[in-house]
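First comes the structure, then the notes that go with it.
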Amino acid sequence: MPRLNSATGFTLLETVIVIVILGILSVVTFGFAAKAGELYRLASDGEKAGGELWVTLEKITRELQHATIVNEASGARLAFTDPAKSSCGN
């Protein structure tokens, strides 16, 4: 009489191999997600710094537009006048 092998499923070795492969994939995926988060943070910090830089450059440009050169005996210097104060008559 032939013996029927009704036991089906995975062997211990196959299960261990799958667990190892899933572990490697999770490490790679976590590393990728962490790097993406860091890049997002750097990009948002760079965008903020760029906005602050633009405001600073605009302020310097406005101040230089109202600057006058004053010659003194010790050398030349720039004198800055505040257009808001000079327009008020102060």
Mind telling me which of the residues 63, 38 ends up being acidic (Asp, Glu), more than 14 Å from the chain's Cα centre (by Cα) and surrounded by 10 or more Cβ atoms within 10 Å (Cβ to Cβ)? 63
Exactly one of (1) at pLDDT 85 or above; (2) assigned to a loop (DSSP other than H, G, I, E, B); (3) exposed (fewer than 10 other Cβ atoms within 10 Å of the Cβ) is unmet by residue 10. Its number? (3)
Is it the case that region 70-83 has a residue that's surrounded by fewer than 10 Cβ atoms within 10 Å (Cβ to Cβ) and either at pLDDT 85 or above or in a helix (DSSP H, G or I) (or both)? no
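The values are calculated or read from the model by the stated rules, or taken from the named source; none is laboratory data. Nothing here was measured: the structure is a model prediction, and the numbers come from that model. As a convention, Cβ positions derive from the backbone with ideal geometry for all residues, glycine included, and neighbour counts pool all protein chains shown.
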